[in-house]
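Read the structure below first, then the notes.
The values are calculated or read from the model by the stated rules, or taken from the named source; none is laboratory data. Just so we're clear, the structure is a prediction, and the values are computed from it rather than from any experiment. So basically every Cβ, Gly included, is an ideal-geometry build from the backbone, and we count neighbours across all protein chains shown. The protein model used for the area step is the full one, side chains on, heavy atoms only, and it has no ligands, DNA or RNA in it. Shrake-Rupley method; radii C 1.70, N 1.55, O 1.52, S 1.80 Å.
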Amino acid sequence: IAITTTEALESIKAGLAKNGVFHLVLTGGTLGVAISVEIAKRLNQGVFDGLNIWWSDERFVEFDSSDRNDLELSKLLNESSKVKIHRTPGSGDINKVAREFAEELQNVEIDLNIIGVGPDGHVASLFPGVADLDDQRDIFAITDSPKPPASRISFTMKFLNQAEEIWIVAAGASKADAVAKIIEGDLSIPASYVSAQVRTRLIVDQPAFFTE
């Protein structure tokens, strides 16, 4: 987590210095939320005007629900950091919310997407055997997620892969099979289709690094 967070902050600072704006996408799951918390702590130590933070998928639940991927960062982040966070509503018509989120992301160029991978090889809310990996939309709503909660709003694979950089992060032995499949290019899992415009990284700890 420390290495990923430090490198992310370096990328953010470099991007803001160069362009005045930086679009960062974060992820959910235990590791994703832990990274979000560490990033929030670092951001609270300075001013990052121009930094926008998004989530590649979010559970369609109320803003204060513990199921939300964005909850911890949104609670921790101080207004003094000048960071703009983009939270998707978790009530109302889910398809309307998805459309409005897609409109908000129009013409946004993602600089860095830090994404987790599930033991089954899913990324965002793109689950194996369920997701349409050829979906040409940017955002989609899902109401029958194989992993609860059932209703979510997610990036498509097409939009994930429009990011300049993607860092796939994984930790723990439960992720070893998925990591091995990514390395082998096994297209049976969505994670193997992740491919950024400039650089794609796989960042894992030792237990997640599958060796025989």
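Quick look at the values:
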{"read-out": "Any hit, the stretch 14-33, residues being part of a loop (DSSP other than H, G, I, E, B) and open to solvent by 30 Å² or more (accessible area, probe 1.4 Å)", "value": "yes"}
{"read-out": "Qualifying residue in the stretch 166-184 (condition: of a type outside the set (S, T, N, Q), without any contact (Cβ under 8 Å) to a residue 12 or more places away in the chain and open to solvent by 60 Å² or more (accessible area, probe 1.4 Å))", "value": "yes"}
{"read-out": "Count of the stretch 68-82 residues which are in a loop (DSSP other than H, G, I, E, B) and within 17 Å of the chain's Cα centre (by Cα)", "value": "3"}
{"read-out": "Members of the stretch 163-212 that are among the aromatic types (Phe, Trp, Tyr) and either modelled with pLDDT under 95 or closer than 23 Å to Ile3 by Cα (or both)", "value": "Trp167, Phe209, Phe210"}
{"read-out": "Positions within the stretch 135-155 being free of Cβ contacts under 8 Å to residues at least 24 places away in the same chain and under 26 Å from Gln106 (Cβ atoms), in sequence order", "value": "Asp135, Gln136, Ile142, Ser145"}
{"read-out": "Of all residues making up the stretch 193-212, the number that are in contact (Cβ under 8 Å) with a residue 24 or more places away in the chain and farther than 22 Å from Ile35 by Cα", "value": "4"}
{"read-out": "Restricting the stretch 99-153 to residues that are assigned to a loop (DSSP other than H, G, I, E, B) and among the β-branched types (Val, Ile, Thr), the residue that is nearest to Lys13 (Cα to Cα)", "value": "Ile110"}
{"read-out": "Output for the stretch 162-212, where each listed residue is among the aromatic types (Phe, Trp, Tyr) and under 17 Å from Leu133 (Cα atoms)", "value": "Tyr193"}
{"read-out": "Every residue from the stretch 109-119 that is among the hydrophobic types (A, V, I, L, M, F, W, C) and under 18 Å from Asp135 (Cβ atoms)", "value": "Ile110, Ile115"}
{"read-out": "Verdict on Val21 being without any contact (Cβ under 8 Å) to a residue 60 or more places away in the chain and either out of contact with any strand residue (DSSP E or B) (no Cβ under 9 Å at 6 or more places or on another chain) or not polar (S, T, N, Q) (or both)", "value": "yes"}
{"read-out": "The stretch 138-164, residues that are among the hydroxyl-bearing types (Ser, Thr, Tyr) and over 15 Å from Ala98 (Cα atoms)", "value": "Ser145"}
{"read-out": "Where Ile53 falls short, out of the listed (1) touching a His at 6+ places or on another chain (Cβ under 9 Å); (2) of a type in the set (A, V, I, L, M, F, W, C); (3) open to solvent by 60 Å² or more (accessible area, probe 1.4 Å)", "value": "(3)"}
{"read-out": "Unmet criterion (only one of (1) modelled with pLDDT of 95 or more; (2) open to solvent by 20 Å² or more (accessible area, probe 1.4 Å); (3) out of contact with any helix residue (DSSP H, G or I) (no Cβ under 9 Å at 6 or more places or on another chain)) for Lys75", "value": "(3)"}
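Residues are listed down the side, and each one gets a yes or a no for (1) on the phi > 0 side of the Ramachandran plot; (2) out of contact with any Asp or Glu (no Cβ under 6 Å at 6 or more places or on another chain); (3) part of a strand (DSSP E or B); (4) acidic (Asp, Glu):
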residue	(1), (2), (3), (4)
Ile35	no, yes, no, no
Arg42	no, yes, no, no
Val47	no, yes, no, no
Asn52	no, yes, yes, no
Glu58	no, yes, yes, yes
Ser66	no, yes, no, no
